[in-house]
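*Asks:* Have a look at the structure that comes next, please.
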Amino acid sequence: MPLRIAVVGAGHMGRIHLEKLKIFEGIQIPGVVDIEEKLLKDVSKKYQIPSYKDYRKLLDSLDGVIIATPTETHYKIARDFLEHNTHVFIEKPITSQPEEANELIKIAKKRGLVLEVGHLERFNPAFAKAFSSIKKPVFIEAYRASGFTGRSTDVDVVLDLMIHDIDLTLSFVRGEAREVKAQGISLVTDKLDMVNARIEFIDGCVASLTASRMSAKKERTFTVFEKDRYFYIDLLNGSLVSTIRNKSGKIETTEYTTEKVDSVKSELIEFIHSIKGEQNPTVRGEDGLRALTLANQIKQYIADRKSV
């Protein structure tokens with residue numbers, strides 16, 4: 001019997017998810033949901049699936065749901081589906097507020113449901129190759145920039161772009177943040193469009209994260225420094241440079257170029273396997289909550305500075 005998985009949100013990411021779901025065997029798409037009538041009609045026609053303006057019409061008919069709607073709607077939609085025993089995949093950030101995310105986690109745990117969050121950089125092959133070798137980071141430097149696309153303007157650049165690197169950082173550093181400092185500016189929207197954050201963790205690791213959605217060029221780099229080596233990860237181009245000082249003091253550098261991987265496809269395959277009970281998701285609701293909590297600390301520090 002096929003798994004019934006619907007998509008709520010027919011915007012940019014919602015359409016990408018639909019394209020992937022259509023090629024999977026054993027998956028039935030009972031419908032796509034959006035409140036924008038013309039967009040919904042076009043998407044329904046293109047993918048030949050039923051369309052709905054109200055997601056509640058699908059509450060009792062699904063095995064899983066993919067939520068790709070504006071961030072402020074995540075909590076209510078996800079809660080409604082979880083309370084109807086539906087497994088949930090939710091695009092990042094998990095919710096607007098940590099309290100909302102915590103409640104979703106509790107509901108999913110109580111009902112034995114999957115709650116997966118779409119932090120897709122975890123599936124980047126260059127990051128995955130570095131991840132297995134990194135033991136104890138002492139400094140992390142991330143830079144993520146893109147030109148202004150007009151998408152995701154319902155949130156600032158911290159929740160739009162930087163949260164990817166927050167999640168990657170927290171996948172290495174398990175301790176809590178001891179000190180957070182940040183600065184940011186708004187240029188093309190009324191929200192923060194460029195932010196730099198410095199986070200010091202209780203284990204001594206320091207992370208410097210920069211995100212901009214008004215850059216002249218696209219860039220996604222993530223560098224991890226350890227005591228005697230460092231890893232430079234080009235997330236955009238899928239390459240990794242590993243530099244280590246060996247026992248004789250000599251510097252050795254190794255370069256890798258990984259094969260291109262469809263990260264959205266990878267995370268959806270994992271969601272499907274998780275629904276079937278064949279594995280656990282890499283990015284759980286708890287991971288989404290940790291990333292959101294630190295993101296909000298960064299945003300709060302900037303807001304407090306502006307109010308002084």
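A quick yes/no check of all residues on (1) farther than 19 Å from K92 by Cβ; (2) aliphatic (A, V, I, L, M); (3) buried (at least 18 other Cβ atoms within 10 Å of the Cβ):
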| residue | (1), (2), (3) |
| --- | --- |
| Q183 | yes, no, no |
| M214 | yes, yes, no |
| K217 | yes, no, no |
| V264 | no, yes, no |
| G277 | yes, no, no |
| L289 | no, yes, yes |
| L292 | no, yes, yes |
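*Asks:* A follow-up question, please. Can you pull out every residue in region 5-25 that is closer than 22 Å to K41 by Cβ, touching a residue at least 60 places away in the same chain (Cβ under 8 Å) and outside any helix (DSSP H, G or I)? So that I can check it myself, show each step before the final result.
*Replies:* Residues of region 5-25 that are closer than 22 Å to K41 by Cβ, as a first pass: 5-22.
Retained after the next criterion (residues that are touching a residue at least 60 places away in the same chain (Cβ under 8 Å)): 5-9, 11-13, 16-17, 20-21.
Correct list: I5, A6, V7, V8, G9, G11.
*Asks:* While we're here: Among R144, R111, which is within 24 Å of I272 (Cα to Cα) and modelled with pLDDT of 95 or more?
*Replies:* Details: R144 fails: within 24 Å of I272 (Cα to Cα).
Every option except R111 fails the conditions.
*Asks:* Then there is this: Which ones in region 248-276 are closer than 16 Å to V65 by Cα and of a type outside the set (S, T, N, Q)?
*Replies:* V264, K265, E267, L268, I269, E270, F271, I272, H273, I275, K276
*Asks:* Sort out which residues of region 26-59 are under 22 Å from L3 (Cβ atoms), free of Cβ contacts under 8 Å to residues at least 24 places away in the same chain and part of a loop (DSSP other than H, G, I, E, B), and write them in order of number.
*Replies:* Q48, P50, listed by residue number.
The values are calculated or read from the model by the stated rules, or taken from the named source; none is laboratory data. A quick note: this is a predicted structure, and the numbers were derived from the prediction, not measured. As a convention, Cβ positions derive from the backbone with ideal geometry for all residues, glycine included, and neighbour counts pool all protein chains shown.
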